[in-house]
Amino acid sequence: MKILWVKAGGLLPLDSGGKIRSYHILRELACNHKDTFFGFHAESENAAHRELEQIFERAVCVPLKLPAAKSPAELVQYGRGVFSSVPYAIRKYCRPQVVVELRDLAASNDFDVMVCDFLVAAGAIPWDSPIPKVLFTHNVEALIWKRHYDVATNPLWKLLSWREWQTMSRAERIYLQKADHVLTVSQTDLDFFAGVVPRNKLTVIPTGVDIDYFQPLENEIENTLVFTGSMDWLPNEDGIIYFLQEIFPKIRQQMPNVKLDVVGRKPSQRLQALAAEHPNYVHLTGWVDDIRQYLGRSAVCVVPLRIGSGTRLKIFEAMAMAKAVVSTTIGAEGLPVRHGTDLLLADTPDEFAQSVMQLLQDAALRRKLGRAARELVESKYSWASVARDFASALEGVLGEANIDVTASSADSNT
């Protein structure tokens, strides 16, 4: 197949779950298919994309002048479209120059299928193009904003979250209906979208993990916790702030020597201030080249998310390293994991703290959960396996498109 893959926000560096998922699927697809990557992203990310030309048949990268996240310039940009019916994330990336370049690329090459990676890129897709178009959803984007709205306490943030929830709901409905087929990363997401489009238009692509890269290490440090994820992704920031405010003090009251590594890029000033309240016990790493050393030395991986959709790669990465995981139900949502067998689930601060302490005090239970977790991802969820499912889904779309063309031709001849 000749695949045109369209993504907003860049693909490299691999510093978020969405990038990791897309990169590994694309890389595996490139072994047997012809991938053209079309990306549009902040100018500062442009240099890294030279590496893509060594992996894919072609990489077209469109750098954009974007304001820094949460800067005064971004607030001004947001304010200019506050009455728009289009979500800010789509307005931010899908500029006229991107729309024109993508349309020209699609028209000048004989692509078999076009993949819109994340809903954010949908504003740039030439939906009237004859190329079959597949929307690859990593989340239910509107649900993320609804959950922001549900937990927000600041009145302004609650209002903005409500606005993004409403505009994203509208955009999601429109683009789900425009796409020839929709891929989700979990059955939970598929069930949600089935309220918008027919189920036969939806396919689940499971989450994967690099089982060769993430392997068990023998460097565990007693009483050490870890949380991994991009700290500039709001659900991650909300989750770790919730943990530090509501859960960590309960743990340290009973086990005062417990330490926490928070591993991920760009921790906010608010998070830094909270971490400073636990000197010598909370370590914010910022960006790291390799998270395995931190996962490896942890006794327990915590995933205290209250907001999110799709699936969390951070859990599969920890499981691949045979780590015991404590997660909220939302944190583990959409993953094929079982409470008490592959990880522990806890949804209140008291339950979460008790589950973490139980694992810290019971090395045998940690090892049991870790072994089961590793066996699960090793047997079913390598990226090669996921990419085969992805290719099969695309081939199914092409088969349906050919049937439609044949039927139309037959109708015109009768």
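Points worth noting:
- Taking the conditions (1) in contact (Cβ under 8 Å) with a residue 60 or more places away in the chain; (2) out of contact with any helix residue (DSSP H, G or I) (no Cβ under 8 Å at 6 or more places or on another chain); (3) open to solvent by 30 Å² or more (accessible area, probe 1.4 Å) in turn, Phe111 satisfies each one other than (3).
- Qualifying residue in the stretch 225-233 (condition: free of Cβ contacts under 8 Å to residues at least 24 places away in the same chain, open to solvent by 20 Å² or more (accessible area, probe 1.4 Å) and either more than 30 Å from Ala152 (Cα to Cα) or out of contact with any Pro (no Cβ under 8 Å at 6 or more places or on another chain) (or both)): no
- Meets criteria (of a type in the set (S, T, N, Q) and open to solvent by less than 10 Å² (accessible area, probe 1.4 Å)) for Ser161: yes
- Beta carbons closer than 6 Å, at least 6 apart along the sequence or on distinct chains, pair a first residue in the stretch 343-365 that is open to solvent by 20 Å² or more (accessible area, probe 1.4 Å) with a second that is hydrophobic (A, V, I, L, M, F, W, C) and modelled with pLDDT of 95 or more for Pro349/Ile247.
- Val60 surrounded by 12 or more Cβ atoms within 10 Å (Cβ to Cβ) and at pLDDT 95 or above: no
- Candidates in the stretch 116-125 are the residues that are touching a strand residue (DSSP E or B) at 6+ places or on another chain (Cβ under 6 Å) and farther than 14 Å from Lys178 by Cβ; of these, the one that is least open to solvent (accessible area, probe 1.4 Å) is Asp117.
- Of all residues making up the stretch 116-133, the number that are of a type in the set (A, V, I, L, M) and touching a Ser or Thr at 6+ places or on another chain (Cβ under 9 Å): 1
- Residues satisfying the stated conditions in the stretch 264-292, i.e. part of a helix (DSSP H, G or I) and small (Gly, Ala, Ser): Ala273, Ala275, Ala276
- Failed item, numbered, when Cys31 is tested on (1) in a loop (DSSP other than H, G, I, E, B); (2) over 18 Å from Leu11 (Cβ atoms): (2)
- Residue within the stretch 177-186 that is among the charged types (D, E, K, R), in contact with a Ser or Thr (Cβ under 7 Å, 6 or more places away or on another chain) and open to solvent by 80 Å² or more (accessible area, probe 1.4 Å) present: no
- Going through (1) farther than 27 Å from Gly17 by Cβ; (2) out of contact with any strand residue (DSSP E or B) (no Cβ under 9 Å at 6 or more places or on another chain); (3) open to solvent by 60 Å² or more (accessible area, probe 1.4 Å) one by one, Ala69 falls short only on (1).
- Inspection of the stretch 380-396 identifies no residue that is modelled with pLDDT of 90 or more, closer than 19 Å to Ser327 by Cα and of a type in the set (Val, Ile, Thr).
- Answer residue from the stretch 126-143, given it is open to solvent by 10 Å² or more (accessible area, probe 1.4 Å) and touching a residue at least 60 places away in the same chain (Cβ under 8 Å) and is farthest from Leu105 (Cα to Cα) among those: Leu143
- Residue within the stretch 166-173 that is open to solvent by 30 Å² or more (accessible area, probe 1.4 Å) and either over 28 Å from Trp127 (Cβ atoms) or among the charged types (D, E, K, R) (or both) present: yes
The values are calculated or read from the model by the stated rules, or taken from the named source; none is laboratory data. Because the structure is a prediction, the values reported are computed rather than measured. Note that each Cβ is placed from the backbone with ideal geometry, even for glycine, and that neighbours are counted across all protein chains shown. Protein only, heavy atoms only, side chains kept; ligands, DNA and RNA dropped before computing areas. Shrake-Rupley method; radii C 1.70, N 1.55, O 1.52, S 1.80 Å.
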